[in-house]
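Participant: Structure provided below as C-alpha cells; questions to follow.
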Protein chains: 2
Amino acid sequence: MAAVKETSTIQENKQYALEKCPVTYAMEKIGGYWKPIILYHLSIGDKRYSEIKKAIPAITEKVLIQHLKQLEADNLVIREALPVVPPHVTYKLSTSGKGLIPVIGAMATWAIEESNGMYSHL
Amino acid sequence: MAAVKETSTIQENKQYALEKCPVTYAMEKIGGYWKPIILYHLSIGDKRYSEIKKAIPAITEKVLIQHLKQLEADNLVIREALPVVPPHVTYKLSTSGKGLIPVIGAMATWAIEESNGMYSHL
DNA sequence: ATTGATACATACTTTGGGGTAAGTACTTGT
DNA sequence: ACAAGTACTTACCCCAAAGTATGTATCAAT
C-alpha cells in the first residue's frame, strides 16, 4: 500500500548514505553513465581535453565538460591549464581519483569475463 | 565546432563498447544510480523483496521492481518464488552477479576511505 | 466482514540529464 | 582576409527515468 512516503528522492537520501550503504556514497560521486568511462580513460594516463573527446566519440562536448567540472569539484580529477594559446588543458586523476582505479579495474575485468561468457555456463 | 555528428546517443554507443572501453560495457549492465546499491545489499546476503525495500527506504517500489526485473533479465540476479500465500520471493546474485562483488567491494572500500578523508591531505 | 501482509502492476505526471546547434576568444598558417 | 584549431559556453529542446498514487490477488487472523 506504499504508506504515504516519509522519505524519498535521491537528494534526501544523501543524509543516511554512508552509515547504511557505502555504495550509495560512492554513487553520489561516480554515479551516472559517463563518469566511470571518463575515469577509465584517465586511469590509462593523463589526457588533454581533446584527447578525452577522441577517446569517447559518443559523448558530446557539453556533457564531457560538464562531467569534468563535476569531477573536479568532487576532487577526483585535477585540471591543469597552461596559459598559452591555443589553450592547453590537461586532466589527471587526483589522489582520491586514483583510489578509484581498483573500482574501475574490477569493472573492466568483470566486463571482459562476462562478455566472454565466463559466467554463462551457470 | 562539433562537426555534424556521426555517432551519438548511448544506444548507438553499444556497438563499439567492449573493444575501446570495457567500462562502457559494464555500465550497460550496472549503470544508473540504483543498481549498484541493490547489488550491494544482495552481496551481503540473499533477500526477500520486502527486505530489500527496507534496506533501501528511499527507493520506490516501482523503481525497485523495475530494476530487479532488469537485473534478472541481464542474468545478474536470480528470482526464486515459493508458490505460497502470501507470496515468498527471494532474490540472490547469480554466478555472473557474484563476479561483481569485487567491484561493489572496491566501491565500498573507496567510499569509506574517501569519506574518512584518507585522500584529502593532498 | 474487514484488516493486514506480500509482491507486485499500472496509469499518470514531472524533472533533469542528455542531445542539438551555434557562438566565443585568441593566435597561427596561407 | 579567412579558415582552422583549442577549450570551452550558452540557449533551447526532448525524452526516458524516476516519482506519485492507486489497484490487485490470495489467504490468515481477528
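Participant: Condition check: farther than 29 Å from B:L39 by Cα and within 15 Å of DNA strand D (Cβ to nearest atom). Does A:E72 satisfy that?
Facilitator: The answer is no for A:E72.
Participant: Which number in (1) closer than 25 Å to B:S115 by Cβ; (2) of a type in the set (S, T, Y); (3) touching a residue at least 24 places away in the same chain (Cβ under 8 Å) marks the one condition that A:Y33 misses?
Facilitator: (3)
Participant: Just name the residue that is nearest to B:N75 (Cα to Cα) out of those in the range A:74-85 that are open to solvent by 40 Å² or more (accessible area, probe 1.4 Å) and within 14 Å of chain B (Cβ to nearest Cβ).
Facilitator: Per the stated criteria, the residue is A:N75.
Matching residues to (1) of a type outside the set (D, E); (2) at pLDDT below 90; (3) open to solvent by 10 Å² or more (accessible area, probe 1.4 Å); (4) over 24 Å from B:S120 (Cβ atoms):
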| position | (1), (2), (3), (4) |
| --- | --- |
| A:S43 | yes, no, yes, no |
| A:D46 | no, no, yes, no |
| A:S50 | yes, no, yes, yes |
| A:I56 | yes, no, no, yes |
| A:E61 | no, no, yes, yes |
| A:L71 | yes, no, no, no |
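Participant: Here's another thing I want to ask about it. Report yes if A:L100 is within 12 Å of DNA strand C (Cβ to nearest atom), buried (at least 16 other Cβ atoms within 10 Å of the Cβ) and touching a residue at least 24 places away in the same chain (Cβ under 8 Å), otherwise no. Break it down into steps so the answer makes sense when it comes.
Facilitator: On the way: within 12 Å of DNA strand C (Cβ to nearest atom): no; buried (at least 16 other Cβ atoms within 10 Å of the Cβ): yes; touching a residue at least 24 places away in the same chain (Cβ under 8 Å): yes.
No.
Participant: Now, a different point. Among the residues of the range B:88-98, is any within 16 Å of DNA strand D (Cβ to nearest atom) and either within 17 Å of the chain's Cα centre (by Cα) or over 19 Å from A:I104 (Cβ atoms) (or both)?
Facilitator: Among the residues of the range B:88-98, at least one is within 16 Å of DNA strand D (Cβ to nearest atom) and either within 17 Å of the chain's Cα centre (by Cα) or over 19 Å from A:I104 (Cβ atoms) (or both), which makes the answer yes.
The values are calculated or read from the model by the stated rules, or taken from the named source; none is laboratory data. Quick caveat: nothing in here was measured; it's all calculated off a predicted structure. Every residue, glycine as well, gets a Cβ built from its backbone with ideal geometry; the counts of neighbours run over all protein chains shown. Surface areas here come from the heavy atoms of the whole protein model, side chains and all, with no ligands, DNA or RNA. Shrake-Rupley method; radii C 1.70, N 1.55, O 1.52, S 1.80 Å.
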